[in-house]
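Accompanying notes for the structure given below.
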Amino acid sequence: MEYSKTYSKQSFLERYFSRRAIPYWGVLLFDSVIVLFSLFVAHVINSGLITALSNPSHLVYTLLLYLICYLIFFKIFRTYSAVVRYSSSIDLLKVVFAVCLGSVLAQTVRLLINSERFYFDITAHDLFVGSLIAITLMCCSRMLIKVAFDHFSSANHAVNVMIIGTKKGGISLAHSIRSQYSRYELKGFITRSVDMAGHTLMGRPVFMHDDSSLWSYISSQSVHVIMISPYAQEGFVNEGQDVIDRVISMGIKIMVVPKEQVWDGRSDLSYTNFSEVDVEDLLPRDKIEVNLQKIGDLLAGKRVFITGAAGSIGQEIVNQVAQFAPEELVLVDQAETPMHDLRMMMAEKYPGIRTLTVVASITAKEYMEVLFRSHRPQYVFHAAAYKHVPMMETNPSIAVQNNIVGTRILADLAVKYGTLKFVMISTDKAVNPTSVMGCSKRICEIYCQSLSQAISSPDSSLHQADGSPAITQFVTTRFGNVLGSSGSVIPIFREQIRRGGPVKVTDPNIVRYFMLIPEACKLVLEAATIGNGGEIFVFDMGAPVKIADLAKRMIDLSGKHDVKIKYVGLRPGEKMYEEVLGDGEKDKPTFHRKIKIAAVREYPYEEALRHEEELLEISRSGDAAAIIGKMGEIVPEYTPSEQASMLYTSDKQGFTPPIRYTRII
């Protein structure tokens with residue numbers, strides 16, 4: 001009890017009589033002087049100076065009594081607590097309310113107290129005029145201090161900035177910059193809206209993005225930073241690439257709200273929400289919307305099995321699935337350290353979800369069956385695969401055994417143990433493949449689709465372990481490069497730039513499609529909800545990006561303009577252009593504008609199964625030429641790369657291998 005009293009006493013003294021409280025006392029004293037001065041001036045205006053000074057002691061008593069009325073509301077509204085140099089419209093509004101209510105209380109006191117000791121010739125009119133004078137002086141003094149502080153601070157420290165966007169996001173950002181001391185000084189706005197161009201906004205000019213005078217203004221004002229508001233970001237990235245390129249070439253920094261941050265459109269948007277742009281933020285693409293409610297209804301309370309869970313795509317699928325509160329997650333990957341990190345992440349972020357992290361290869365058939373039999377997953381997301389094209393060109397046996405056979409093991413177990421839906425992650429490299437990796441993924445697509453068709457056939461002979469009819473629906477999703485995935489081009493270029501170059505580009509004309517990992521995984525989950533089995537879903541990846549242009553932009557953004565680009569030629573199995581549909585394939589629309597269904601050539605299940613068994617047997621021999629030959633037989637559109645072609649010679653009878661690989665399995 002004694003300690004509590006001591007603590008309360010210390011808190012009171014700390015709050016009101018410490019060095020930190022001195023500025024607040026200063027503001028309160030300053031406001032009090034303004035109130036006294038304003039009431040005195042109002043009385044002088046109304047009664048004259050001689051009359052006002054005829055009884056100075058009574059006048060002082062009366063003014064001090066009225067001051068107490070104002071101080072009560074200064075305390076209630078805490079008009080003294082705001083830092084004057086950061087004053088905002090809210091702070092000024094508090095001043096107005098405090099003074100107005102103080103004058104009302106003073107008038108009430110004037111009517112209730114009747115004593116000759118006080119100088120009551122200060123009338124209601126004096127109180128009204130005095131309050132107006134006090135409000136004017138208090139607000140103007142605050143704004144003058146703020147303007148002066150901003151002026152001298154800007155002159156010494158601020159960087160000149162323009163904002164792209166004139167709607168809510170741009171206005172909110174501009175208010176943030178101007179309402180508080182910052183390192184930025186607002187110089188103007190850039191817009192794509194014809195209605196806004198040529199006007200002023202918050203006292204600053206608004207330029208059309210294609211206005212030639214914009215660039216001379218940027219130079220004359222020494223603008224060093226361009227901020228893109230969230231509302232304008234998508235439009236400018238998709239349609240204002242010429243503006244962005246010119247800004248970058250001028251050495252001006254671009255700042256955006258990072259993609260992983262989502263502005264709710266209501267809360268204050270501060271410049272602190274922004275960060276310097278990465279090249280990923282400037283790649284043109286539309287915002288992807290998915291039906292989260294439908295995905296949640298599908299996965300909530302379900303048992304979910306995810307392979308390749310430690311990879312870039314797998315981890316994001318884990319994150320997104322976990323948000324829908326599944327009953328159980330079984331996560332499989334053969335990379336031990338990343339799986340340990342994933343395990344720690346799940347324990348920290350999703351402690352309420354029962355999670356099993358399994359370090360194993362999907363080719364371990366007996367162990368995979370133990371997992372399926374024990375956990376009976378209702379949904380399987382299969383992202384495990386060897387994906388590096390040049391590596392698989394010289395390791396075709398492993399490409400077959402991991403990608404193809406591993407997929408078949410999982411697919412067969414899904415059927416056997418009653419999985420409701422099996423979603424396989426494929427790639428655009430499976431379309432008219434020129435690489436072992438791409439062809440292996442196309443063979444996986446063939447098997448899953450043929451298995452789904454066999455299950456849906458009226459005379460299907462496929463059954464679950466308990467003898468009941470098979471019910472599994474197989475869905476395949478195809479998309480291109482994902483930004484930020486391991487081994488993707490952007491982190492490689494970034495590291496080459498950091499080392500001073502050169503940045504190695506395979507060909508000046510090579511192009512690729514790009515998508516953010518979260519975007520790709522959202523579409524995977526969406527496809528899982530709309531798929532009925534047997535579909536190969538193709539994702540709209542947006543506009544293709546020329547890799548050479550990407551490298552140039554990354555160099556410009558880095559500021560290291562002495563870094564050179566070196567063209568090194570296409571890698572084994574690499575295409576100049578990626579495709580999402582093969583020769584003779586067509587697509588069919590779905591209800592989602594970014595997802596279409598590829599109309600591909602279909603294979604009978606028995607034929608697909610026979611081909612896979614024969615391919616597995618060949619892969620065990622390590623005979624690279626025979627493996628590539630068999631893959632070409634299964635996928636006629638497969639065109640082996642020059643390096644792969646060197647592994648064999650062809651004649652009318654087939655493939656004759658000049659090289660034999662060591663047996664792996």
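Odds and ends about this structure:
- Residue in region 341-349 that is closer than 25 Å to PHE474 by Cα and in contact (Cβ under 8 Å) with a residue 12 or more places away in the chain present: no
- Where SER460 falls short, out of the listed (1) assigned to a loop (DSSP other than H, G, I, E, B); (2) buried (at least 19 other Cβ atoms within 10 Å of the Cβ); (3) polar (S, T, N, Q): (2)
- Of all residue pairs spaced 6 or more apart or on separate chains, those with beta-carbon atoms under 8 Å, a first member in region 90-104 that is among the β-branched types (Val, Ile, Thr) and a second member that is buried (at least 16 other Cβ atoms within 10 Å of the Cβ) and not in a helix (DSSP H, G or I) are VAL95/THR79.
- Any pair with Cβ under 6 angstrom, 6 or more apart, that starts in region 400-414 at a residue that is assigned by TED's automatic domain parsing to the domain that holds PRO377 and ends at one that is among the charged types (D, E, K, R) and surrounded by fewer than 24 Cβ atoms within 10 Å (Cβ to Cβ): ARG408/GLU612; ILE409/LYS365; LEU413/GLU369
- Among (1) modelled with pLDDT of 80 or more; (2) of a type in the set (D, E, K, R); (3) surrounded by 17 or more Cβ atoms within 10 Å (Cβ to Cβ), the one test that LYS504 misses: (3)
Per-residue answers, yes or no, for (1) within 24 Å of MET437 (Cβ to Cβ); (2) assigned to a loop (DSSP other than H, G, I, E, B); (3) at pLDDT below 75:
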position	(1), (2), (3)
MET554	no, no, no
LYS566	no, no, no
GLY584	yes, yes, yes
GLU602	yes, yes, no
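- With respect to the conditions (1) modelled with pLDDT of 75 or more; (2) out of contact with any helix residue (DSSP H, G or I) (no Cβ under 7 Å at 6 or more places or on another chain); (3) among the β-branched types (Val, Ile, Thr), ILE306 lacks only one, and its number is (2).
- Note on region 547-572: residues that are charged (D, E, K, R) and closer than 23 Å to THR639 by Cβ total 1.
- Here CYS521 meets each of (1) modelled with pLDDT of 85 or more; (2) closer than 17 Å to ARG553 by Cβ; (3) not β-branched (Val, Ile, Thr) with one exception, condition (2).
- Number of residues in region 322-337 that are surrounded by fewer than 18 Cβ atoms within 10 Å (Cβ to Cβ) and either in contact with a strand residue (DSSP E or B) (Cβ under 7 Å, 6 or more places away or on another chain) or in a helix (DSSP H, G or I) (or both): the value is 4.
- The numbered conditions (1) surrounded by fewer than 21 Cβ atoms within 10 Å (Cβ to Cβ); (2) over 23 Å from ARG478 (Cα atoms) are all true for ASN319 except (2).
- Per the listing ILE517, ILE455, ILE490, ILE446, the residue uniquely crowded, with 16+ Cβ neighbours inside 10 Å and out of contact with any strand residue (DSSP E or B) (no Cβ under 9 Å at 6 or more places or on another chain) is ILE446.
- Any hit, region 121-144, residues being aromatic (Phe, Trp, Tyr), surrounded by fewer than 18 Cβ atoms within 10 Å (Cβ to Cβ) and modelled with pLDDT under 80: no
- Hey, ILE490 touching a residue at least 40 places away in the same chain (Cβ under 8 Å) and more than 24 Å from THR529 (Cβ to Cβ) or not: yes
- Tabulated pairs, region 523-549, first free of Cβ contacts under 8 Å to residues at least 40 places away in the same chain, second of a type in the set (Lys, Arg), C-beta under 9 angstrom, 6+ apart or interchain: PRO544/ARG512; LYS546/ARG512
- Within region 409-420, being of a type outside the set (A, V, I, L, M) and surrounded by fewer than 23 Cβ atoms within 10 Å (Cβ to Cβ) holds for ASP412, LYS416, TYR417, GLY418.
- Members of region 415-434 found to be among the hydroxyl-bearing types (Ser, Thr, Tyr) and modelled with pLDDT of 90 or more, listed by number: TYR417, THR419, SER426
- Test for PHE152: is it closer than 30 Å to LYS94 by Cα and modelled with pLDDT under 70: yes
- Selection status of ASP459, in the same structural domain as ILE627 (by TED's automatic domain parsing), over 16 Å from LEU616 (Cβ atoms) and touching a residue at least 60 places away in the same chain (Cβ under 8 Å): no
- Within region 201-221, the set of residues being of a type in the set (Ser, Thr, Tyr) and modelled with pLDDT of 85 or more comprises SER213, SER216, TYR217, SER219, SER220.
- Tally, over region 188-205, of residues that are more than 28 Å from the chain's Cα centre (by Cα) and in a strand (DSSP E or B): 4
The values are calculated or read from the model by the stated rules, or taken from the named source; none is laboratory data. Predicted, not measured: the structure shown is a model, and the values here were computed from it. Neighbour counts run over all protein chains shown; Cβ positions are idealised from the backbone, glycine included.
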